[in-house]
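Scroll down for the structure; my scribbles are underneath it.
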Amino acid sequence: MIEFKTQLDANSQKELNKIGMKKLIKIFLVFSLIVIGIGIIGIVFAEDNADKSTGIYLIIVGVIIIPILLLFNAFGQRTIRKTSPFLQNPTKEIYRFTEECFEHLQKRDESFQSHTKADYTYFYKVISTPTHYFMYISNRQCHVICKSHITQGTCEELDAILAKKLPVGKFKKTKR
């Protein structure tokens, strides 16, 4: 059996946000470069001052897209942390993995308790980074498990179970 004792808190949210933002930043970077390129082309091939102004405007928009995205994201994450009671008063979690099933126990004070026991088809996909497991139960819902919180077994044992139990392509190990 492999077991992790952790808690659902703002750090879990930050880690999940990082992995999502990496994808968005790549998309916005490509978009920014396209807008900047169109602006440069507009300036180079400008026939009058209006074309130059439009080119300069497009370059400015292309440069400020990513900082604006990061500011909106930071504001949104701060709002979520302030309005989510489970992040303000951490929920204790225990994750257990055996050859047969996965078990997840949650408890926050006396106000909330949850127990989930399921086979590995419960997971939509699992991503293993050097520091965390991101265990998606849908495209938008995810359990975040810090590998340093392992209390029994090893991460290598869990990797072997996940590679065996999940369909091909649903368990992915990343180097960062």
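The values are calculated or read from the model by the stated rules, or taken from the named source; none is laboratory data. Since this is a predicted model, take the numbers as computed values, not measurements. Cβ atoms come from the backbone with ideal geometry, glycine included; neighbour counts cover every protein chain shown.
Things to note:
- Output for the range 8-29, where each listed residue is within 14 Å of SER148 (Cα to Cα) and surrounded by fewer than 16 Cβ atoms within 10 Å (Cβ to Cβ): ASN11
- Residue within the range 10-22 that is hydrophobic (A, V, I, L, M, F, W, C), assigned to a helix (DSSP H, G or I), touching a residue at least 40 places away in the same chain (Cβ under 8 Å) and in contact with a Lys or Arg (Cβ under 7 Å, 6 or more places away or on another chain) present: yes
- Any hit, the range 42-52, residues being without any contact (Cβ under 8 Å) to a residue 40 or more places away in the chain, outside the structural domain of ILE161 (by TED's automatic domain parsing), acidic (Asp, Glu) and part of a helix (DSSP H, G or I): yes
- Taken as a whole, the structure leaves GLY76 outside the set of residues that are modelled with pLDDT under 95, under 18 Å from the mean Cα position of the chain (by Cα), within 30 Å of LYS164 (Cβ to Cβ) and small (Gly, Ala, Ser).
- If the condition is being over 17 Å from LEU8 (Cβ atoms), more than 14 Å from the chain's Cα centre (by Cα) and hydroxyl-bearing (Ser, Thr, Tyr), then the range 98-147 contributes THR98, TYR120, THR121, TYR122, TYR124.
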